[in-house]
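Working notes, structure below.
The values are calculated or read from the model by the stated rules, or taken from the named source; none is laboratory data. Everything numeric here is computed off the predicted structure, so don't read it as measured data. Cβ atoms come from the backbone with ideal geometry, glycine included; neighbour counts cover every protein chain shown. For the accessible areas, the whole protein counts, side chains as well, though only heavy atoms, and no ligand, DNA or RNA atoms are used. Shrake-Rupley method; radii C 1.70, N 1.55, O 1.52, S 1.80 Å.
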Amino acid sequence: MDFWIIREGEKAGPFPDYEIRRKIESGELSPADPVWSEGMAAWTPVGEVEMFRVTLERPPVLPPPLPAHAIPAPPVWRRFLARMFDLALYLAVLWSALAFAKVDLKAAIESVAVALFHLVPWFALEAGLIHWFATTPGKALMGLRVLNRDGSRLSFRQSFRRAALVLTAGVGMGFSLLFPLCMAVSWVSVRRIGASLWDFAGDHQTVVSEPKAFRIVAFVVLFIAALQVQALILTPVTLEMMPPWFREAYEKSQHR
């Protein structure tokens, strides 16, 4: 069945009824636009034509969320730097607090409990930050946010599960031997499947936006400051733990 329509004050057509349906679905025709076909007494709004009411009343069909592999992943280096920034900032605060409290730092460094659990407070905090704000200090400065596939924020349970996976599989609990290995595995997973292991397991996504220049400057300044604070606090302690020949070589290098 063919129909004529009025476009910009002039007749256009004839169009088959399936073409009229397509124009309705695409928004080219509104319910008030007049149409006419053989057998109709006068021009009639398309919304009043029985055969087109179903098309007008049917809700638009939206495509499903993009699959994990189709969502562009942030550059691996950006995620890596954001993680290193967060850990550096946390460790600077941790060692500063211990030094201020006059804790024996040498004993703390050698403690098995500290080795096992020194990163746990940070990842507990990260779980809350991801749940409440979808980001962390390092991620915010790098323009990164962690969300569910539908764009919603993670529940606290999701955030806690994600943080636990990062703590164990992402940074190896902070152990010096496991840390670089876990980071390398994470790097490869992001490059190959477009998501870290913990985001892939939880069906989350890390959304990226270009950070403003002042955020990049703040990132660099704070990162360097955090590393410097750690060095000032820990260098004297770690030197005490080194063999005499190493301390002598270090002192000589400082006086050159």
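Of all residues in the stretch 128-154, exactly one satisfies the criterion of being free of Cβ contacts under 8 Å to residues at least 60 places away in the same chain, in a helix (DSSP H, G or I), touching a Leu at 6+ places or on another chain (Cβ under 9 Å) and of a type in the set (A, V, I, L, M, F, W, C), namely Ile130. Looking at the structure I just gave you, is Ala195 in contact (Cβ under 8 Å) with a residue 12 or more places away in the chain, open to solvent by 10 Å² or more (accessible area, probe 1.4 Å) and in contact with a helix residue (DSSP H, G or I) (Cβ under 8 Å, 6 or more places away or on another chain)? No; evaluated as a whole, the condition is false for this residue.
For Ala201, are the conditions met, namely being aliphatic (A, V, I, L, M), under 17 Å from the mean Cα position of the chain (by Cα), surrounded by 13 or more Cβ atoms within 10 Å (Cβ to Cβ) and in a helix (DSSP H, G or I)? For Ala201, the condition - aliphatic (A, V, I, L, M), under 17 Å from the mean Cα position of the chain (by Cα), surrounded by 13 or more Cβ atoms within 10 Å (Cβ to Cβ) and in a helix (DSSP H, G or I) - is met. Against the test of being over 20 Å from Leu129 (Cα atoms), of a type in the set (Gly, Ala, Ser) and under 17 Å from the mean Cα position of the chain (by Cα), the options Ser196, Ser159, Ser176, Ser189 yield a single qualifying residue, Ser189. Of the residues in the stretch 203-212, at least one is at pLDDT below 90, closer than 24 Å to Leu119 by Cα and among the β-branched types (Val, Ile, Thr).
Table: residues versus (1) among the acidic types (Asp, Glu); (2) modelled with pLDDT of 95 or more.
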site: Glu57; (1), (2): yes, no
site: Pro63; (1), (2): no, no
site: Val76; (1), (2): no, no
site: Leu87; (1), (2): no, yes
site: Val93; (1), (2): no, yes
site: Asp104; (1), (2): yes, no
site: Ile109; (1), (2): no, no
site: Leu129; (1), (2): no, yes
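Restricting attention to the stretch 220-236, the residues being polar (S, T, N, Q), open to solvent by less than 50 Å² (accessible area, probe 1.4 Å) and without any contact (Cβ under 8 Å) to a residue 40 or more places away in the chain number 1.
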